[in-house]
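Let me begin by presenting the structure, written as structure tokens, before commenting on it.
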Amino acid sequence: MENLTIHPPLSNVQAELLKLFPAEIPKNDLLEIRKVIAKFLLEKARDHADEVWDEKGYSDKRLMEILNKDRD
């Protein structure tokens, strides 16, 4: 059996998710929760990518240059 190491305290996300454990959640609802979490994380990643894009001053033209450079 693998030993697990737990490092308290829990993050706020971990604590919130633990509140779901005592509740009997139907499988369909659990899948919906996963979708909501995935969508949230995707939006956060896109927002961060947009910030980096703007900070670097990238453009569609620059992106095409980078992509074409990798083909050479």
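Values in this text are rule-based calculations from the coordinates and carry no lab data. Computed from a predicted model, the values in this text were never measured in an experiment. Cβ atoms come from the backbone with ideal geometry, glycine included; neighbour counts cover every protein chain shown.
Brief remarks follow.
- Pairs of Lys residues in the stretch 23-71, spaced 8 or more positions apart or belonging to different chains, with C-alpha separations under 29 angstrom: 11 in total.
- Charge tally around residue 10: other residues with Cβ under 12 Å, Lys/Arg +1 each, Asp/Glu -1 each, net 0.
- FRET efficiency estimate (nearest 0.05) - Cβ-Cβ, residue 38 to residue 14, R0 22 angstrom: 0.80
- Compared with the alpha-carbon gap, the fully stretched path from residue 28 to residue 65 is longer by 8.9 nm at 0.36 nm per residue.
- Formal net charge of residues neighbouring residue 39 (Cβ-Cβ distance under 14 Å; K, R +1; D, E -1): +1
- Taking Lys and Arg as +1 and Asp and Glu as -1, the other residues whose beta-carbon sits under 15 Å from that of residue 29 total +2.
- To the nearest ten degrees, helix 27-56 and the longest principal axis of the Cα atoms of the chain are 30 degrees apart.
- Helix 60-71 axis versus longest C-alpha principal axis of the chain: approximately 90°, rounded to the nearest ten.
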